[in-house]
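A.B. asks: What follows is a single structure, and I will ask about it in a moment.
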Amino acid sequence: MMRQNLGRSTRSIYLALACLSLTLHLLLAFFCLSVLQTACVLPASSSSSSSSMPRTDTQHHRSVSHSSSSSDASSSSSQKLPTSPQNDEHHKLNASTLHLKGKDDFSATSEREKKLIGTGQVIQKVKGRSKLEALFDHPLYNLPHPELREDDWLLRVKTNEDASDTESEEEEREDDVSNDSEWQSASQEEGYDRVAWTSDVETHPPWLRFHLGISRWELYNRKDPNLAQLTHYLATQRIHSAVQKTGGTQLKLLISFPNYGQALLKPMKQPRDAETDLNLFYFSDFERHNAEIAAFHLDRLLGFNRIPPAVGRLINVTAEIREITTDHRLSRTFFTSPVGNVCFYGQCEYYCSTEHPVCGRPHALEVSLAAMLPDLTLAPRRSWRSPWRRSYSRTKLAQWEKDPTYCDTVKQTPPYDHGTRLVDLIDMAVLDFLMGNMDRHHYETFEKFGNETFLLHLDNGRAFGRHSRDEPSILAPLQQCCRIHRSTLLRLRLLSLPGFRLSDVMRESLARDPLAGAVAPFLSEPHLSALDRRLAAVLQVVRTCQDQHGDVIHNDLEGYDEEHHPQPD
């Protein structure tokens, strides 16, 4: 009996131990599962060889997304880009290119460039942190700039010390009144505000702060809090007057605000999702208001900061143009359409007729408003004819279209024979290719800075016309010269990664426009997808250049301090 009782006790103990063991194993399994679901940092791969310049091969794109898989990148010749839509495989990792061709002497440089774009790290989505915010937090968008000297600013507010250096006492007194202590509006025209500005920046309206923030190297500082104030100002400020802007081939208006600010207005003339007819020549295309808005956002995402801020806005055609304009030529072109919409067409070289009107619905009209640059009397600008200007003929070709060695001539021609002017022009070509803009016949610079300055990327109304077709000829400067800024190339590579995909950050950036919540998206999804496809094509051209010519990089990242610019989480 005693032996039976002992046997029962032993079985009970064994059963209890088995249950305890099962419970511990279940807890351990749940713990391991939670750990595996947490994003991990993958080890950076080491290459057996590296090139003397940063490659655009996908070796530098490794370990960015858990879902990335290998596929072959599309191949193209140095003179031809892929024009057909590419599938998502072109944006994934290419396992066959993990070995780089080239020299072994510059492995340290290659490793450094991997760090710049965050290779070897997984982009973790932090709660409340978007791709756009992560992009602008990246070290490549926070590079150290040289300290600005007094002559690196386009405009400066005079101080009392400046005024004391004037030659005549009369000029000194005038400067004291108008510049030093306080500037008061002398205009008696009805509708303008009575304003008083001092040298204190807090008294300046957003448009004036924008003008005073222009430097030798950029049109605005992306981190300047005034940028948000300026876009809000453009979207909400009461319109005081509207007149037609002279020059140009299509209708645009010059808008004035009560505090003496101005903006350039381009109206909506066609549905935003309408694609340009494939049989239409580029110089016969309509200008699009949403192209100006999207161009500003894309230029900012590329880190250029060379396009004036532009926003969307809904205006009342009758109350905010017709009833307040002092332009008699413009006022005579207003009429009411057969369906009761208020329309006008203005006077210009092309498309200003009753066959091409701008119409409200019946009064509401969607427009773009871009901040105006300082007056030419204060900040003269020089216009430069682009060496890769198109012939604007239906039958003739430009010289660069016939001569594949055309860039050799350009390199020997001032101002492209020294400085960064040539690679700055190639930056503009990359921007235009991504937008599909074929209408870049001229560009401008501020005269004050001579050749040591940035190029203004103005007048982008003919961009984003076609999403189904790419135009390889826009990239002729890059294809023929095979030169590019190192910072531009690294940003392009960064924007090709899943964690910072260009279409995603562009969509998010456009959604922050003041008008975005009230209208359809400024760019349709096919246009956003085209950005990714065209970005892959740009990187393919650079790869082809590297294979053919080796070093294609203009190094503008000297002195970059990696230790003080940690990689994103």
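The values are calculated or read from the model by the stated rules, or taken from the named source; none is laboratory data. Since the structure is predicted, the reported quantities are computational estimates derived from the model, not experimental observations. Methodologically, a virtual Cβ is constructed for each residue, glycine included, from the backbone with ideal geometry; neighbour enumeration extends over all protein chains shown. Side chains are part of the model used for accessible areas, which takes the heavy atoms of the whole protein and leaves out ligands, DNA and RNA. Shrake-Rupley method; radii C 1.70, N 1.55, O 1.52, S 1.80 Å.
A.B. asks: Out of the residues in region 335-374 that are without any contact (Cβ under 8 Å) to a residue 24 or more places away in the chain, in a loop (DSSP other than H, G, I, E, B) and among the hydroxyl-bearing types (Ser, Thr, Tyr), state the one that is nearest to LEU154 (Cα to Cα).
C.D. replies: Among those that are without any contact (Cβ under 8 Å) to a residue 24 or more places away in the chain, in a loop (DSSP other than H, G, I, E, B) and among the hydroxyl-bearing types (Ser, Thr, Tyr), it is SER353.
A.B. asks: If we scan region 377-398, do we find a residue that is in contact with a Gly (Cβ under 8 Å, 6 or more places away or on another chain), in a loop (DSSP other than H, G, I, E, B) and not polar (S, T, N, Q)?
C.D. replies: Start the filter on region 377-398 by keeping residues that are in contact with a Gly (Cβ under 8 Å, 6 or more places away or on another chain), which leaves none.
Scanning region 377-398 turns up no residue that is in contact with a Gly (Cβ under 8 Å, 6 or more places away or on another chain), in a loop (DSSP other than H, G, I, E, B) and not polar (S, T, N, Q).
A.B. asks: Now a separate question. Could you tell me whether GLY248 is of a type in the set (Gly, Ala, Ser), open to solvent by 40 Å² or more (accessible area, probe 1.4 Å) and closer than 26 Å to ILE214 by Cα? Quick ask: steps written out before the conclusion?
C.D. replies: Values: of a type in the set (Gly, Ala, Ser): yes; open to solvent by 40 Å² or more (accessible area, probe 1.4 Å): yes; closer than 26 Å to ILE214 by Cα: yes.
Spelling it out, GLY248 is indeed of a type in the set (Gly, Ala, Ser), open to solvent by 40 Å² or more (accessible area, probe 1.4 Å) and closer than 26 Å to ILE214 by Cα.
A.B. asks: What is the residue count in region 399-421 for residues that are part of a loop (DSSP other than H, G, I, E, B) and not aromatic (Phe, Trp, Tyr)? I'd like the intermediate steps shown before the answer.
C.D. replies: Quick first cut of region 399-421, residues part of a loop (DSSP other than H, G, I, E, B) only: 403-405, 412-420.
Now restrict to residues that are not aromatic (Phe, Trp, Tyr): 403-405, 412-415, 417-420.
The total comes to 11.
A.B. asks: Got a number for residues in region 471-484 being crowded, with 22+ Cβ neighbours inside 10 Å and not in a helix (DSSP H, G or I)?
C.D. replies: Of the residues in region 471-484, 1 are crowded, with 22+ Cβ neighbours inside 10 Å and not in a helix (DSSP H, G or I).
A.B. asks: Whether any residue in region 296-313 is out of contact with any helix residue (DSSP H, G or I) (no Cβ under 9 Å at 6 or more places or on another chain) and in a loop (DSSP other than H, G, I, E, B) is what I want to check.
C.D. replies: No, every residue in region 296-313 fails to be out of contact with any helix residue (DSSP H, G or I) (no Cβ under 9 Å at 6 or more places or on another chain) and in a loop (DSSP other than H, G, I, E, B).
A.B. asks: Pick from region 224-261 the residues that are out of contact with any strand residue (DSSP E or B) (no Cβ under 8 Å at 6 or more places or on another chain) and in a helix (DSSP H, G or I): which of them is farthest from PRO357 (Cα to Cα)?
C.D. replies: Checked region 224-261; the qualifying residue farthest from PRO357 (Cα to Cα) is ASN226.
A.B. asks: Among the residues of region 410-419, is there at least one that is open to solvent by 40 Å² or more (accessible area, probe 1.4 Å) and acidic (Asp, Glu)? Don't jump to the end; show me each part of the working.
C.D. replies: Of the residues in region 410-419, the ones open to solvent by 40 Å² or more (accessible area, probe 1.4 Å) are 411-414, 417-419.
The next check asks that each one be acidic (Asp, Glu); those that pass are 417.
Taking every residue of region 410-419 in turn, at least one turns out to be open to solvent by 40 Å² or more (accessible area, probe 1.4 Å) and acidic (Asp, Glu).
A.B. asks: For the condition more than 29 Å from ASN451 (Cβ to Cβ) and either open to solvent by 30 Å² or more (accessible area, probe 1.4 Å) or within 19 Å of the chain's Cα centre (by Cα) (or both), what is the one hit in ASP285, ASP193? Show your work before the answer.
C.D. replies: Values: ASP285 fails: either open to solvent by 30 Å² or more (accessible area, probe 1.4 Å) or within 19 Å of the chain's Cα centre (by Cα) (or both).
Step by step, each of ASP285, ASP193 is checked, and only ASP193 is more than 29 Å from ASN451 (Cβ to Cβ) and either open to solvent by 30 Å² or more (accessible area, probe 1.4 Å) or within 19 Å of the chain's Cα centre (by Cα) (or both).
A.B. asks: Answer yes or no: is there a residue in region 324-343 that is at pLDDT 95 or above and within 32 Å of the chain's Cα centre (by Cα).
C.D. replies: So far as region 324-343 goes, no, none of its residues is at pLDDT 95 or above and within 32 Å of the chain's Cα centre (by Cα).
A.B. asks: For PRO498, are the conditions met, namely being of a type outside the set (D, E, K, R), touching a strand residue (DSSP E or B) at 6+ places or on another chain (Cβ under 9 Å) and more than 28 Å from LEU369 (Cα to Cα)?
C.D. replies: Numbers: of a type outside the set (D, E, K, R): yes; touching a strand residue (DSSP E or B) at 6+ places or on another chain (Cβ under 9 Å): no; more than 28 Å from LEU369 (Cα to Cα): yes.
No, not satisfied.
A.B. asks: Same structure, new question: Filter region 332-383 for residues that are within 16 Å of ILE255 (Cβ to Cβ) and open to solvent by 70 Å² or more (accessible area, probe 1.4 Å) and give the result.
C.D. replies: If the condition is that a residue be within 16 Å of ILE255 (Cβ to Cβ) and open to solvent by 70 Å² or more (accessible area, probe 1.4 Å), then ASP375 is the only one that fits.
A.B. asks: Name every residue in region 204-260 that is among the acidic types (Asp, Glu) and in contact with a helix residue (DSSP H, G or I) (Cβ under 9 Å, 6 or more places away or on another chain), in order of residue number. Full working, then the answer.
C.D. replies: Initially, region 204-260 is screened for residues among the acidic types (Asp, Glu), giving 218, 224.
Across region 204-260, the qualifying residue is only ASP224.
A.B. asks: Could you please find all residues in region 485-499 being open to solvent by 10 Å² or more (accessible area, probe 1.4 Å) and either free of Cβ contacts under 8 Å to residues at least 24 places away in the same chain or not in a helix (DSSP H, G or I) (or both)?
C.D. replies: Residues satisfying the conditions are HIS485, SER496.
A.B. asks: Just wondering, is there one or more residues in region 235-258 that are of a type in the set (A, V, I, L, M), over 24 Å from HIS328 (Cβ atoms) and either modelled with pLDDT under 95 or in contact with a Gly (Cβ under 9 Å, 6 or more places away or on another chain) (or both)?
C.D. replies: Of the residues in region 235-258, the ones of a type in the set (A, V, I, L, M) are 235, 239, 242-243, 251, 253-255.
Next, from what is left, pick out any that are over 24 Å from HIS328 (Cβ atoms): 235.
Add one more test, that the residue is either modelled with pLDDT under 95 or in contact with a Gly (Cβ under 9 Å, 6 or more places away or on another chain) (or both), and what stays is 235.
Checked region 235-258: at least one residue is of a type in the set (A, V, I, L, M), over 24 Å from HIS328 (Cβ atoms) and either modelled with pLDDT under 95 or in contact with a Gly (Cβ under 9 Å, 6 or more places away or on another chain) (or both).
A.B. asks: Residue by residue through region 310-331, note down the ones that are crowded, with 23+ Cβ neighbours inside 10 Å and either farther than 19 Å from ALA364 by Cβ or without any contact (Cβ under 8 Å) to a residue 12 or more places away in the chain (or both). Can you show your working first?
C.D. replies: Residues of region 310-331 crowded, with 23+ Cβ neighbours inside 10 Å: 310-313, 317, 321.
Residue satisfying the conditions is ALA310 alone.
A.B. asks: For region 216-231, give me each residue that is open to solvent by less than 40 Å² (accessible area, probe 1.4 Å), within 19 Å of THR420 (Cβ to Cβ) and under 18 Å from the mean Cα position of the chain (by Cα). Step through it out loud before you land on a result.
C.D. replies: Just the residues of region 216-231 that are open to solvent by less than 40 Å² (accessible area, probe 1.4 Å), to begin with: 216, 218-220, 226-227, 230-231.
Filter once more, so that each one left must be within 19 Å of THR420 (Cβ to Cβ): 216, 218-219.
Selection gives GLU218, LEU219.
A.B. asks: Okay, next question. Which residues, taken from region 422-462, are farther than 30 Å from LEU253 by Cβ and not in a helix (DSSP H, G or I)?
C.D. replies: If the condition is that a residue be farther than 30 Å from LEU253 by Cβ and not in a helix (DSSP H, G or I), then GLY450, ASN451, GLU452 are the ones that fit.
A.B. asks: Could you grab me the full set of residues in region 459-470 that are of a type outside the set (D, E, K, R) and either touching a strand residue (DSSP E or B) at 6+ places or on another chain (Cβ under 6 Å) or crowded, with 22+ Cβ neighbours inside 10 Å (or both)?
C.D. replies: Filtering region 459-470 for residues of a type outside the set (D, E, K, R) gives 460-461, 463-465, 467-468.
Within region 459-470, ASN460, GLY461, ALA463, PHE464, GLY465, HIS467 qualify.
A.B. asks: Anything in region 252-267 that is within 24 Å of the chain's Cα centre (by Cα) and β-branched (Val, Ile, Thr)? List them, or say none.
C.D. replies: Of everything in region 252-267, nothing turns out to be within 24 Å of the chain's Cα centre (by Cα) and β-branched (Val, Ile, Thr).
Every residue, every condition in (1) of a type in the set (Ser, Thr, Tyr); (2) closer than 23 Å to GLN270 by Cβ; (3) in contact with an Asp or Glu (Cβ under 6 Å, 6 or more places away or on another chain), yes or no:
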position	(1), (2), (3)
ASN437	no, yes, no
ASP470	no, yes, no
ARG483	no, no, no
ARG486	no, no, yes
LEU492	no, no, no
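A.B. asks: Go through region 134-149 and give me each residue that's acidic (Asp, Glu) and either under 21 Å from LEU212 (Cα atoms) or without any contact (Cβ under 8 Å) to a residue 40 or more places away in the chain (or both).
C.D. replies: GLU147 - this is the single residue of region 134-149 that is acidic (Asp, Glu) and either under 21 Å from LEU212 (Cα atoms) or without any contact (Cβ under 8 Å) to a residue 40 or more places away in the chain (or both).
A.B. asks: So which residues in region 199-215 are assigned to a helix (DSSP H, G or I), open to solvent by less than 30 Å² (accessible area, probe 1.4 Å) and under 19 Å from LYS448 (Cα atoms)? Working first, answer last.
C.D. replies: Step one: of region 199-215, the residues assigned to a helix (DSSP H, G or I) are 201-203, 206-212.
If we keep only those that are open to solvent by less than 30 Å² (accessible area, probe 1.4 Å) as well, we get 206, 210-212.
Matches in region 199-215: PHE210, HIS211, LEU212.
A.B. asks: Among the residues of region 500-517, are any open to solvent by 10 Å² or more (accessible area, probe 1.4 Å), at pLDDT below 95, not in a loop (DSSP other than H, G, I, E, B) and not hydrophobic (A, V, I, L, M, F, W, C)?
C.D. replies: No, the conditions are met nowhere in region 500-517.
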